[in-house]
Amino acid sequence: MINDIKKDAQDRMKKAVEVLGINFNKIRTGRAHPSILDGLYVSYYGNDTPLSQVANISVTDARTLTISPWEKKLAPEIEKAIMKSDLGLNPSTNGDLIRVPMPALTEETRKGFIKQARSEAEHARVSVRNVRRDANTTLKDQLKAKLISEDEERKAQDDIQKLTDKYVAEVDAALAAKEKDLMEI
């Protein structure tokens with residue numbers, strides 16, 4: 001019973017860190033990476049469809065993405081979606097291919113991205129702490145129902161706190177790596 005609570009807490013904390021990684025991939029660092037375009041949707045037969053489902057996205061070189069739509073008529077739609085996004089990218093169409101050069105980051109944009117990264121990291125920390133709170137509440141309920149002893153509850157809370165510390169440290173390490181990545185010129 002206690003092990004189930006700890007396992008659930010660990011799984012949920014791990015998911016919070018994984019989501020942080022996904023969110024960090026969406027913050028551009030000046031290097032081309034296909035996940036930068038993950039949040040873009042293109043109008044495809046009247047439906048908003050993720051860009052990755054209507055085109056191949058590849059990295060040509062360190063600063064250029066190449067998008068090849070599966071249907072020729074989608075090229076202008078894809079270009080429009082990239083222009084409308086708040087990514088600050090200017091695509092250029094060359095026949096069937098759309099090239100998206102990554103502009104160099106200015107000091108101001110770097111600081112803005114670092115602020116965004118810190119915000120994402122704080123959300124992840126809050127998620128981890130919420131999992132800890134939920135697990136501790138469940139333990140307290142079990143203690144009230146006399147399903148576990150006070151000693152078992154105290155030990156389980158200590159274990160959950162250790163898990164929390166471990167995952168908060170992972171969030172901090174991921175943030176430090178992202179900040180370092182953003183500050184590279």
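Every read-out reported here was derived from the displayed coordinates using simple, explicitly stated rules and does not represent laboratory data. Since the model is a prediction, treat every value here as computed from it, not as a measurement. So basically every Cβ, Gly included, is an ideal-geometry build from the backbone, and we count neighbours across all protein chains shown.
Among the DSSP helices (H) of the chain, none spans at least 30 angstrom by Cα along its long axis with an average Kyte-Doolittle hydropathy of 1.6 or more; this is a geometric and hydropathy rule only. Dimensions of the stretch 81-131 from C-alpha coordinates, computed as largest minus smallest value along each principal axis and given longest first, are 51, 27, 14 Å. For M102, the residues whose amide H sits under 5 Å from its own are T64, L65, ignoring neighbours fewer than 5 places away on the same chain, with H placed 1.01 Å from N. The stretch between M1 and K140, if pulled fully straight at 0.36 nm per residue, gains 48.8 nm over its current Cα-Cα span. For the stretch 34-101, the relative contact order is 27 percent, taking Cα pairs closer than 8 Å that sit 6 or more residues apart in sequence and dividing their mean separation by the residue count. In terms of distances greater than 26 angstrom between alpha carbons, the cross-link table entries K14/K155; K15/K140; K80/K180; K15/K162; K6/K26 yield K80/K180; K6/K26.
In plain terms, the chain is cut at each of the chymotrypsin sites (Phe, Trp or Tyr not before Pro) found in a DSSP loop with at most 13 other Cβ atoms within 10 Å, and the longest leftover piece is 71-185. Just round it to a whole percent: the fraction of Cα-Cα distances in the stretch 34-101 exceeding 16 Å. Cα-Cα pairs in the stretch 34-101 separated by more than 16 Å: 36 percent. Expressed in Å, the radius of gyration and Dmax of the Cα atoms of the chain are 22.0, 71.
Contact order for the chain, expressed relative to its length and based on alpha carbon pairs under 8 Å spaced 6+ residues apart, stands at 26 percent.
Counting 0.36 nm for each residue step from K115 to S35 and taking away their Cα separation leaves a gain of 26.8 nm. Both the radius of gyration and Dmax for the stretch 79-164 are 24.1, 71 Å, in that order, over alpha-carbon atoms.
Which one of T164, T93, T64 has the biggest mean-square fluctuation once the chain is modelled by GNM with Cα springs under 10 Å? Highest fluctuation among the options: T93.
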